[in-house]
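So the structure is just underneath, and the comments pick up after that.
What follows is calculated from the coordinates using simple rules that are stated; it is not laboratory data. Everything numeric here is computed off the predicted structure, so don't read it as measured data. Positions of Cβ are generated from backbone atoms using ideal geometry, with glycine treated the same way; all protein chains shown enter the neighbour counts.
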Amino acid sequence: MVVTARGEDSWQGTEARDLDAFLADYCSERQTLSRIVHAVCALCGNGAFHVLVDDAEGVAGRVCLRCGDRRWMLDSDVHAAAARPVEAACPCGGEVFDVAVGFTLGAGGLVSYVHLALRCLADGTMGVYADWPQDTEPPPDLLSRV
């Protein structure tokens with residue numbers, strides 16, 4: 001694992017687990033990060049994805065690079081009708097990512113905020129591509145829907 005901060009908003013990582021340190025730093029001044037979950041394809045076990053995001057509507061989806069399985073993430077299926085997700089792209093032009101979601105838990109242990117972090121497989125750049133408050137009571141299996 002090699003994590004490098006390249007300026008205030010630019011981090012580099014060499015593996016998916018580097019997203020943990022990145023998210024912890026990102027959230028340190030905002031909320032207390034409670035849990036991080038990494039995306040893994042339920043059909044083939046792959047961890048590389050194309051990612052679709054509409055941050056304004058709180059929607060994210062992923063497409064497995066290996067088998068093509070398409071999934072809405074978190075509770076995005078509830079908000080997808082109003083969304084216009086676009087494919088995430090790294091500043092380098094890369095469009096394939098490791099995916100992790102950081103969760104902030106509020107009162108009663110319910111998820112109060114989510115942070116979608118990606119690590120570009122082309123150059124290792126990490127960033128938060130979407131984050132939003134969880135305004136409605138999340139489904140009980142929200143943490144497993146990454």
Check your understanding: So how compact is the stretch 51-101: Cα radius of gyration and Dmax in angstrom?
Key -> 11.0, 32
Check your understanding: Quick one: Karplus J couplings for the stretch 76-87, per residue in order, coefficients 6.51, -1.76, 1.60, θ = phi - 60°, nearest Hz, x for Gly and Pro?
Key -> 4, 4, 6, 9, 4, 4, 8, 8, 10, x, 10, 6
Study note, to complete from the structure: Ser34 and Val78 label points (each 7 Å along its Cα→Cβ direction) are spaced in nm at 1.5 nm
**Study point:** FRET efficiency estimate (nearest 0.05) - Cβ-Cβ, Glu87 to Asp123, R0 22 angstrom
**Key:** 0.85
**Study point:** For the stretch 102-114, 3J(HN,Hα) per residue [Karplus equation, 6.51 cos²θ - 1.76 cosθ + 1.60, θ = phi - 60°, Hz, x = Gly/Pro]
**Key:** x, 10, 10, 9, x, 4, x, x, 7, 5, 10, 7, 10
Review point. To the nearest 0.05, what FRET efficiency results for Ser144 and Val63 with a Förster distance of 25 Å applied to their C-beta separation?
Key: 0.85
Review point. Measuring from a point 7 Å past the Cα of Cys44 along Cα-to-C-beta, which residues in the stretch 68-110 have an amide N at less than 16 Å?
Key: 68-71, 96-99
Study note, to complete from the structure: Amide H proximity to Trp11 below 5 Å, modelled H, separation 5+ or other chain, gives Arg6, Met126
Exercise for review: Could you pull out every residue, at least 5 positions away or on a different chain, whose amide H is within less than 5 Å of the one on Gly106? Hs are placed 1.01 Å off N in the peptide plane, and Pro or chain starts have none.
Suggested key: Val111, Ser112
Review point. From the Cα gyration tensor of the stretch 3-144, with a ≥ b ≥ c the square roots of its eigenvalues, which class applies: rounded if a/c is under 1.5, or else prolate if a/b is larger than b/c, or else oblate?
Key: oblate
